[in-house]
Amino acid sequence: MQWPPKLWPISPIGIVKWFYFYLVPWNLIYIAVSVPVLVYLTPSMETMKTFSWEWIAFIFARNCMLLIVFVSCLHVPLYVKKSQGFDRKYNGRWLARNNPNFLFKNQLMDNLFWTFTSAVPIWTAYEVLTWWMFANGYIPYVSFNKHPVYCLAVLFAIPLFRNVHFYLVHRPIHWPFLYRWVHSVHHANVNVGPWSGLSMHPFEHIVYYSGVLIHWIVPSHPIHAMFHLVHTSLAPSQTHTGFEKFIIKDGIDIRMEDYYHYLHHRYFECNYGGGGILNVDAWFGTFNDGSPAAMEKMNRRVMSRQQKTQSEGQSS
């Protein structure tokens, strides 16, 4: 089955397939995680009206544990137990060791360092500010009970918005200066693993998580902000497993998606929007499906840009 499924030309079967692939399994999983985390593992709005280290530390610890549990469900079977070996793996190597491109010369340790010293604190900061603003009525709140259709529509639209937002914040950090000082941290991971997803420079985390600010403007319910943050934090481990499918047992597997984002890590200059349901790269001419024609198009685009840069340098 093609991923992402084609929606055009529009047909009833095409619409059903699109919605199915959009929701199953990952977006349903992220929603299923978000609801109990909001209901049972988030302080009350009354508590969050005032900044306090107690509830902020609780949210930070909760986010750490949530990430550890979720990512370990992918990392342990695929990279520790190696339950399916290289079957459906895009790259025929395991995570790097004794490699000077990584902190501690170890890819996994490098990924864990950036995840827990930068990603989780910045994720927590955005979440804390969002809850504080919700609690004090500084951002527009909408009731799920009074406006269920609107709230469901916003919930449904969040991954679509994230797809576009990711492209818009990702493309600029491939500009030479930002790439060298910021994005190269993430792109050290050519052969990716689940912990590579949030292994980024702090500046990249700041712009990456900034998508949640949409809920400071668009009337939202707290579940929208929670789903947005959970999706932003957990989806990278899924899209960076390095495997096409996670095989549960014979005949049962889970689609991991992101071959297109794997190609981005391998070739850098394509698929800036990842492999989301919206093929944003196709809108901007940066899509690469790995075919010879797409590779040739990408190479022509890169060479043209390099020639332009060289000519500008010579003229100056």
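FYI, it's all coordinate maths here, none of it is from the lab. In this text, all values refer to a predicted model and were calculated from it rather than measured experimentally. Don't worry about glycine lacking a Cβ; one is built from the backbone with ideal geometry, like all the others, and counts go over all protein chains shown.
Worth a mention:
- Shape of the stretch 130-276 from the C-alpha gyration tensor: oblate (a/c of 1.5 or more and a/b not above b/c, with a ≥ b ≥ c the square roots of its eigenvalues).
- If the segment from SER83 to LEU178 were pulled out straight at 0.36 nm per residue, it would be longer than the present Cα-Cα gap by 30.4 nm.
- The alpha-carbon of LYS146 sits under 29 angstrom from the alpha-carbons of these lysines, leaving out residues fewer than 8 places away in its chain: LYS49.
- Paramagnetic label reach from PHE284 (point 7 Å along Cα→Cβ; backbone nitrogen cut-off under 13 Å): within the stretch 175-208, residues 175.
- What separates the Cα centres of the stretch 207-223 and the stretch 70-93 is a distance of 33 Å.
- Helix screen, the chain: DSSP H segments with Cα axial length of 24 Å or more and mean Kyte-Doolittle hydropathy at least 0.5 are 53-75, 148-170.
- Relative to the current alpha-carbon distance between PHE268 and LYS245, full extension at 0.36 nm per residue lengthens the span by 6.0 nm.
- Point-charge dipole on Cβ atoms (K/R +1, D/E -1) for the stretch 12-268, about Cα centre, debye to 20: 520 debye
- Stretched out straight at 0.36 nm per residue, the stretch from LEU103 to TYR40 would grow longer than its current Cα-Cα span by 19.0 nm.
- Sorted by Cβ density within 10 Å, fewest first, the residues CYS73, CYS64, CYS270, CYS151: CYS73, CYS64, CYS151, CYS270
- Under the simplified labelling scheme, the LEU168-ASN136 pair shows an inter-label distance of 2.6 nm, with each label point 7 Å from Cα along Cα→Cβ.
- Exposure proxy shown here: for VAL169, VAL212, the number of other Cβ atoms within 10 Å sets the order, fewest to most, as VAL169, VAL212.
- Taking 29 Å as the straight-line reach from the Cα of LYS297, the lysines in range (excluding those fewer than 8 positions away in the same chain) are LYS6, LYS89, LYS245, LYS308.
- Only helices enter the 222 nm calculation for the chain: every DSSP H run of n ≥ 4 contributes -39,500 (n - 2.57), and dividing by all residues gives -16500 deg cm²/dmol, rounded to 500.
- Recomputing Cα extents along the principal axes in Å from the coordinates shown identifies the correct label among (1) 59, 52, 51; (2) 85, 60, 29; (3) 61, 57, 42 as (1).
- Amide N proximity, the stretch 212-233 versus LYS146 label position 7 Å along Cα-to-Cβ, cut-off under 17 Å: 218-224
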